[in-house]
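Coordinate-derived values only; no laboratory data. Remember, it's a predicted structure, so these values are computed and weren't measured experimentally. No Cβ is skipped: glycine too gets one built from the backbone with ideal geometry, and neighbour counts run over all protein chains shown.
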Amino acid sequence: MTARAAFDSAPPAVARRRTSASAWGLVLPLMAALLLLYLLPLANILWISVNDPAPGLGNYQRLVNSDAMQRVLWTTFRVAAWTTVCAVVLGYLVAYVMLHASPRHRVWITAFVLVPFWVSVLVRAFAWLTLLRSEGLVNGALAGLGLITEPLPLVRNEFGVLVGMVHYMVPYAVLPLYAGMKGIDPALGAASRSLGAGPLRTFAKVFLPLSLPGIFAASLLVFVLSLGFLVTPAILGGGKVVMIAEYVRLQIFQTVRWGVGTMMASVLLLSVLALIALLSRVVDVRRLFGGGGA
């Protein structure tokens, strides 16, 4: 009797145990690699944050006592929130157009959405710096049209950082939004219009509510990624817009305050985990990102 025949002839309970053992045999090496390469470094960061320069929660108490750290946190969450709103709104428009475009046009739109993934974030940040600076193309065009008499301050502030971050994050918003919209049955919109609802009412009452899971997924993805931005705020902010990642870099590499730097990194990590846990109470996070669920 072959091994396959022996497996097929085994009782259902035994077959399930064998299948489970085989699955664990495949998963355990990956879990071990995850533990060594990801979880242990994170545990080391948490350990340093409560032991450098002295054991205790002194580094975390700085969050309450330090106005500078509070400004960094507030700036990070504010810029990430605005980036999320702008990127999701723009991404929703692009995804909606993709959904209703012809196959040929959809290919072109998809290509333009994916092209930014192939361009370095450093190149994009310097490109926006060139466009938005006082002598850049945007200010030059506005001055040439007679709309301004003096250059507008478009960089080295939050506006410049927001422009660069939104440009980077729009593709991350488009993809989950489009995936969610593809799952909406077009017959529902046709049924709504057949009952007398106009296009706007059909969109507001039928399409938009059904696309909310995609909006939640895109918002979570964009917000979490925006919290850890480093290059774009450093270049377009000109040192005036300091976010958590830049603050951690300064503490680790310049002032050599490892305890403070790892504390801020831990706060960022715990904030992301808390955000995901909070969202999981409202929606099924596994379904948002394509996971299965009973």
> Which residue fluctuates the most in the chain, going by a Gaussian network model with Cα springs under 10 Å, if the choices are 55, 29, 213?
Replying inline: 29
> Points 7 angstrom from Cα along the Cβ direction at residue 85 and residue 134: gap in nanometres?
Replying inline: 3.0 nm
>> If I model a spin label as a point 7 Å beyond the Cα along the Cα-Cβ vector, how far apart are those points for residue 208 and residue 97 in nm?
In response: 2.0 nm
> Percent relative contact order of the chain, based on C-alpha pairs within less than 8 angstrom and at least six residues apart?
Replying inline: 25 percent
>> Given Cα positions, please report Rg to Rh for the stretch 138-220, the hydrodynamic radius being the Kirkwood one.
In response: 1.24
> For the stretch 158-275, what size does the Cα cloud have along each of its three principal axes, sorted from largest down, in whole Å?
Replying inline: 67, 29, 17
>> Using a Debye calculation, one point per C-alpha and no hydration shell, please list log10 I(q)/I(0) for the chain at q = 0.07, 0.08, 0.15 Å⁻¹ in order.
In response: -0.42, -0.53, -1.25
> Where does each of 149, 110, 75 land when they are ranked from fewest to most other beta-carbon atoms within 10 angstrom?
Replying inline: 149, 110, 75
> Among the helices of the chain (complete DSSP H runs), which have Cα atoms covering no less than 30 Å along the helix axis and a Kyte-Doolittle mean of at least 1.0?
Replying inline: 67-100, 158-182, 258-280
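I need to check one value: relative contact order of the stretch 226-274, counting alpha carbon pairs closer than 8 Å and at least 6 residues apart, in percent.
29 percent
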> Using unit Cβ charges (K, R positive; D, E negative) and no other charged atoms, how large, in debye to the nearest 20, is the dipole of the chain about its Cα centre?
Replying inline: 720 debye
> Once the Cβ-Cβ distance between residue 33 and residue 272 is put in as r, and R0 is 22 Å, what FRET efficiency do you end up with, to the nearest 0.05?
Replying inline: 0.50
> Roughly speaking, what is the centre-to-centre gap between the stretch 125-189 and the stretch 39-77 when only Cα atoms are used, to the nearest Å?
Replying inline: 33 Å
